[in-house]
Structure formats: C-alpha cells, structure tokens
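First the structure, in the form of structure tokens, and then the observations on it.
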Amino acid sequence: MRSTNIIILLIAILIINAGISLVLINQFMGNGTLFKNDGTPVSKTSSAMRSTDITKAVAKAEQAVVSINVIKTETVRGGNGFGFPFFGFFDFPMQRQVQSFGSGVIYDAKNGYIITNSHVVNGATQTKVVLPDKREFDAEIVGIDDAHDIAKLRIKGSNLPSAALGSSSGLLIGEWAIAIGNPYGYLMGDSNPTVSVGVISAINRSFSMRDDKRDYKNMIQTDAAINPGNSGGPLIDINGEVIGINTFIFSENGGNVGIGFAIPIEAVKRVLATL
C-alpha cells in the first residue's frame, strides 16, 4: 500500500513539473516575455537604454545625407569601322554616357545647398539627388573648386533636413569619428545612408600634387570604413556635427582597409564662401 502511495506521489510530481515546463516554454517561445516570481513581466532592454552617444550623433545628421547619382559623357577613341588596322589614322572619337555615384550632405535647408566632392559631379550632364525619405531632386551645380575637390549643389524643395557644420580645429587623435554615406546603395536600390564608426587616426595629413592637379592639404585620417560611394558624404563627431567631407582611401584592391581621408570642414567652409 505504501509503495502504491509513493508511485502516485511520483506521478503527481511529474505532472506538476510537466505543467511548469509547459508554462515556461510558452513564456520563452510564445511571446518572448519573461516573468518575475511575483508574476510581473520582465521587460526587454528598451531602445532608450540601447541609445548611445554614437546613435544620438547619427540621428542628428543622417537625414541630411543624400545619394548623388550622376550621368557623365565621356569621349573615347573608337574603331575605324572597317575591321582592318590602320594604325590609328582613321580612328574617330566617340561619346558614351557613364553613370557614377557619390554622397553629399545638406548644410543649408533654406536654400537647399549641398556639399560634395568635385570628382563626384565634375563633367556631369545630369545630377540627381535622392534623400533618405526617397524624395528625388534634379540638382544644380552652383560651383566647383576642382583643385580642392569641393562642389556646391542646390536643390529646390520644402522641409529639407540639414546637418550642422562643426569645427575641425582641435580634433583629438583617438576620438570617435563617424562616416555617413551611401556606398553601393545603388546596387540595393536603397537611399538610406550607411554608418561606419572609427576614430580620428591622424590629422594634418598632406599629399603632394597629384596627376589630377588636386591639392589635398591637412587632411583628416580615419579608420572609419569608407568605400566607393562614400565620397562627398560627411565625417561627423560625437556631437553629430560635420567635421570633414569623406574623399578618398588608400587601398591596393579598391576596398576599405581602414585608411581613409576627409577634407577638414574648416577648409570646406573657406571654399564654399567662394562658390
């Protein structure tokens, strides 16, 4: 009789344990909500708790970062059309349209002014600007300073966002640097900017005059990832202010290796004042 009672007790314990397990499984797998001992739910980490100085800085600037789609006309040497080599005597120039992409940042919402690199838009026959909210505008090239690789564009629209221009004076080696732009966005059909984070690796990096006659002086070096399509986009600080314009990288294969350069915003401001 005693053994029968023990068996009944064990079965009851197993049933109770099974019920508790089912409740826990339902809590974990059903809606992902956990409960405290008193029955009150344990909340997930809120977005406010996940917010950092970096996410706050990005939020201040990202809506003003635009994609720039450009059509350029290039002249190339064509064939002679006869199928025979004439050593170039009968070759003739041909024109072809080439599409290229870059980034930019709206810094004056009232007048619709945008900063980008001159190499993004120089020679463009058509320039289209796409905002993160998917609005598209035909852009006017207001001015180009090719020697310093800066261009000023203008779009006409209402309720335009803008990013604040900060200062590149007094930058600290090792402080946060955030690159925003739209690398390869055209492949994904997505106008939302991409964010990459690094530090200020060095300042006052200067380069000898290049074959393209561009003069890069006192550049900001950063290890924040910069890739094709980032050119013309902003480099911002932890306050969400623009401290430079992302311009080029050092790379043997064309991809990011953590050595990128931005034109200091103080130099950009001086150029903009002349355009």
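The values are calculated or read from the model by the stated rules, or taken from the named source; none is laboratory data. Being a predicted model, the structure only gives us computed values, none of them experimental. A quick note on method: Cβ atoms are made from the backbone with ideal geometry, for glycine too, and the neighbour counts reach across all protein chains shown.
Considering V120, V105, V129, the condition of being touching a Phe, Trp or Tyr at 6+ places or on another chain (Cβ under 6 Å), on the phi < 0 side of the Ramachandran plot and at pLDDT 90 or above is satisfied by V129 alone.
Taken as a whole, region 163-178 holds at least one residue that is closer than 20 Å to N230 by Cβ, among the small types (G, A, S), touching a Ser or Thr at 6+ places or on another chain (Cβ under 8 Å) and touching a residue at least 40 places away in the same chain (Cβ under 8 Å). Would you check which residues across region 106-124 are within 18 Å of G233 (Cβ to Cβ), part of a loop (DSSP other than H, G, I, E, B) and touching a Lys or Arg at 6+ places or on another chain (Cβ under 7 Å) and list them? Answer for region 106-124, where residues must be within 18 Å of G233 (Cβ to Cβ), part of a loop (DSSP other than H, G, I, E, B) and touching a Lys or Arg at 6+ places or on another chain (Cβ under 7 Å): just G112. Total residues in region 198-250 satisfying the condition of being buried (at least 21 other Cβ atoms within 10 Å of the Cβ), assigned to a loop (DSSP other than H, G, I, E, B) and hydroxyl-bearing (S, T, Y): the figure is 1.
If you take the residues of region 184-195 that are modelled with pLDDT of 80 or more and closer than 19 Å to N117 by Cα, which of them is surrounded by the fewest Cβ atoms within 10 Å (Cβ to Cβ)?
V195
For region 125-159, the candidate set comprises residues that are assigned to a loop (DSSP other than H, G, I, E, B) and free of Cβ contacts under 8 Å to residues at least 60 places away in the same chain; within that set, the residue that is nearest to the chain's Cα centre (by Cα) is K134. Is region 49-67 home to any residue that is in a helix (DSSP H, G or I), modelled with pLDDT under 90 and not acidic (D, E)? Checked region 49-67: at least one residue is in a helix (DSSP H, G or I), modelled with pLDDT under 90 and not acidic (D, E).
All conditions in (1) surrounded by fewer than 10 Cβ atoms within 10 Å (Cβ to Cβ); (2) at pLDDT 95 or above hold for N111, with the sole exception of (1).
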